[in-house]
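For reference, the structure is listed below as structure tokens.
The values are calculated or read from the model by the stated rules, or taken from the named source; none is laboratory data. Because the structure is a prediction, the values reported are computed rather than measured. Backbone-built Cβ (ideal geometry, glycine too); neighbour counts: all protein chains shown.
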Ligand SMILES: Cc1cc2nc3c(=O)[nH]c(=O)nc-3n(C[C@H](O)[C@H](O)[C@H](O)COP(=O)(O)O)c2cc1C
């Protein structure tokens, strides 16, 4: 490990057939079946072979209203397995790797989500994490009885209360509440089970949960917002923040800001891990990698790139031509950090909408790089040692080969350089991330909720 004892965290962000919109058309053996569990099982096992910390499955609960025949090349939403269901299955075909799923706080209720993640944590032996998102668009809202999504900052207020309630529900059973004393006929000790009686602005939840405390105490909380309200939520509640960064200076600013914000909440900044998403195209030479990048780009129809740009920007560009420069766009109620990054990219590099769309459809606002395994390892080393990142979420462009390349060719270099571990250190995801197990809030603060539960 590095001199200051930080450990590089490696996750992999698995999108169906690969995150590159041309990626599903790339493998010589033909497209994968996105409904086939064995596809994901193989990827999780490969990531585990590479000793990666996390397999991450993102989510969105909707299907975009894609227009134009060429736009139907999109794979993102066509055959998107529900991620917590997928993780339950993955947990039985893996032993060590952490498993993280996105679940929205805007279109769910805390009791059911606390229960789902507590169950997953038990099933997986403490390897689960929750990527807390507030959702970004009307596409999802329209599936949950609304015409439009709740306002941006209001969603984050709901998310704060949501996460608080979930954490308290996870604590509603003390670690040793279940005694299973057959001779006395006592399965659990009621003095160690706590009511919540939460009555807040968004939620009323009596509790307790009907699942015992998760093995990790609290499953790992991940957050991926970049706006001031997203950063505040992460600084207070998250163990890990996923982010989209495309320059080392931007990554360093974000890193320093998140560590400072964590300290303001009285936290040890080392307990909030900053993990940018990155895409690598790998080949034996720089020229071969650049050629692969071009081949992949040619597989993306303009119409798909254009639709994706509009979705990512949260803006209607239908009045523009692909050769125009990006017009002024109003601040979105969707993802504000991503919008800001895309607008900055367009202005700084004076891109046409066509050029910008191709860039955005490949990497959103993250870094995309084509190079040799040594060059990619150099990149990881620089960002890690220069405090732009605590690690990376490797987002394969096409599957399974692009993940295989990273595990087989880049991981060994990072290991040889002493930057990445050669085996799992502990049993739970929390252990493997070097994060301590949280104390039970009801034990720490007897004033929390009506303690003990009413039947005690
Ligand atoms: C690496 C990464 C992964 C993300 N994964 C998801 C996801 O799976 N589902 C989702 O709705 N949003 C996802 N987001 C979007 C964020 O949750 C958030 O909405 C977005 O970054 C905008 O947040 P902001 O408005 O606070 O800037 C992701 C963002 C990043 C950077």
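Structural remarks
- Residue check for residue 417: at pLDDT below 95, farther than 30 Å from residue 33 by Cβ and more than 24 Å from the chain's Cα centre (by Cα): no
- Scanning the stretch 79-134 for residues that are part of a loop (DSSP other than H, G, I, E, B) and under 26 Å from residue 36 (Cβ atoms) gives 79, 80, 81, 82, 92, 93, 94, 95, 96, 97, 125, 127.
- Residue ID - surrounded by the fewest Cβ atoms within 10 Å (Cβ to Cβ), chosen from residues in the stretch 366-400 that are out of contact with any strand residue (DSSP E or B) (no Cβ under 9 Å at 6 or more places or on another chain) and closer than 14 Å to residue 284 by Cα: 374
- Among the residues of the stretch 323-335, those identified as assigned to a loop (DSSP other than H, G, I, E, B), in contact with a helix residue (DSSP H, G or I) (Cβ under 8 Å, 6 or more places away or on another chain) and surrounded by fewer than 17 Cβ atoms within 10 Å (Cβ to Cβ) are 323, 324, 329, 331.
- Residue check for residue 124: within 20 Å of the chain's Cα centre (by Cα), under 20 Å from residue 82 (Cα atoms), buried (at least 17 other Cβ atoms within 10 Å of the Cβ) and within 16 Å of the ligand (Cβ to nearest atom): no
- Of the residues 169, 209, the single one that is more than 13 Å from the ligand (Cβ to nearest atom), assigned to a helix (DSSP H, G or I) and in contact with a helix residue (DSSP H, G or I) (Cβ under 7 Å, 6 or more places away or on another chain) is 169.
- The set of residues in the stretch 9-42 that are closer than 22 Å to residue 427 by Cβ and in a helix (DSSP H, G or I) contains only 41.
- Taking the numbered list (1) more than 16 Å from the ligand (Cβ to nearest atom); (2) surrounded by 19 or more Cβ atoms within 10 Å (Cβ to Cβ) in turn, residue 159 passes all entries but (1).
Quick grid of which residues meet (1) assigned to a helix (DSSP H, G or I); (2) at pLDDT 90 or above; (3) touching a strand residue (DSSP E or B) at 6+ places or on another chain (Cβ under 8 Å):
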| position | (1), (2), (3) |
| --- | --- |
| 275 | no, yes, yes |
| 279 | no, yes, yes |
| 284 | no, yes, no |
| 291 | yes, yes, no |
| 295 | yes, yes, no |
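- Among the residues making up the stretch 162-185, those that are surrounded by fewer than 19 Cβ atoms within 10 Å (Cβ to Cβ) and more than 21 Å from residue 235 (Cβ to Cβ) are 175, 176, 178, 179, 180, 181, 182, 183, 184, 185.
- Among the residues of the stretch 345-357, those that are surrounded by fewer than 17 Cβ atoms within 10 Å (Cβ to Cβ) and either part of a helix (DSSP H, G or I) or without any contact (Cβ under 8 Å) to a residue 24 or more places away in the chain (or both) comprise 347, 348, 349, 354.
- Residue within the stretch 229-241 that is within 16 Å of the ligand (Cβ to nearest atom), surrounded by 15 or more Cβ atoms within 10 Å (Cβ to Cβ), part of a loop (DSSP other than H, G, I, E, B) and free of Cβ contacts under 8 Å to residues at least 40 places away in the same chain present: no
- The conditions of being more than 14 Å from the ligand (Cβ to nearest atom), buried (at least 19 other Cβ atoms within 10 Å of the Cβ) and in a helix (DSSP H, G or I) are met by residue 262.
- For the stretch 303-318, a residue qualifies if it is part of a helix (DSSP H, G or I) and within 27 Å of the chain's Cα centre (by Cα), and the qualifying residues are 304, 305, 306, 307, 308, 309, 310, 311, 312, 313.
- Residue satisfying condition, being part of a helix (DSSP H, G or I), buried (at least 21 other Cβ atoms within 10 Å of the Cβ) and either within 14 Å of the ligand (Cβ to nearest atom) or over 23 Å from the mean Cα position of the chain (by Cα) (or both), within set 300, 342: 342
- Filtering the stretch 43-63 to residues that are within 16 Å of the ligand (Cβ to nearest atom), over 19 Å from residue 362 (Cβ atoms), out of contact with any helix residue (DSSP H, G or I) (no Cβ under 6 Å at 6 or more places or on another chain) and in a loop (DSSP other than H, G, I, E, B) leaves 52, 63.
- Of all residues in the stretch 137-149 being within 18 Å of residue 224 (Cβ to Cβ) and assigned to a loop (DSSP other than H, G, I, E, B), the one that is farthest from the chain's Cα centre (by Cα): 149
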